[in-house]
């Protein structure tokens, strides 16, 4: 819980500063890059290592990321290292991305399909579910392939779900075939 608070505060600070300087999109792209870099186990161990000195960590960051990321992001990384908060960098980058998406009114949705869909099909689904969004919001769709749904798709966004999968339809048919209650038979007439 404490690391979440720290990450949230640092993320908000860098977001506010990047808004002031007009480099929000650049810093957001940098945070996406850092998120990928932090997925490397060796890099994360380096950040957490008490043996590696502050100067060495800063030199590694400059060598690794210098010229590839915005100067504000690099200065922010140096500040984290000076304050001894570099181990929280993965959480900070995640939280920054979350706050950035809230700022830009981007809603995350998960699309589950039996086979990978191309961009045109995803855009068709996105436009079909515009009613789930408030004016000015956009939908960012992450696709997941699950062959067990057989066909169709499942779209999940926040507390909403649309299950148009063949698996669900087959399950409903199976339930209908096995349901022999007289109440259902009478109601269907």
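Only the coordinates and a few stated rules stand behind these numbers; no lab work does. Owing to the predicted nature of the structure, the values given are computational and were not obtained by experimental measurement.
Just report the Cα centroid separation between the stretch 1-51 and the stretch 122-152, whole Å. That distance is 28 Å. Taking only the C-alpha atoms of the chain, the Rg (one decimal) and the largest Cα-Cα distance, Dmax (whole number), read 23.3, 80 Å.
Expressed to the nearest 5 percent, the antiparallel share of DSSP beta bridges inside the stretch 106-178 is 50 percent.
Once the chain from residue 128 to residue 105 is taken as fully extended at 0.36 nm per residue, the excess over their C-alpha distance is 6.4 nm.
Counting only DSSP beta bridges with both residues in the chain, the antiparallel share comes to about 50 percent. Extension gain for residue 44 to residue 171 (0.36 nm times residue separation, less C-alpha to C-alpha distance): 41.2 nm.
Evaluated at q = 0.18, 0.20, 0.24 Å⁻¹, the base-10 log of the normalised Debye intensity for the stretch 2-102, with identical point scatterers placed on the Cα atoms, takes the values -0.79, -0.99, -1.45.
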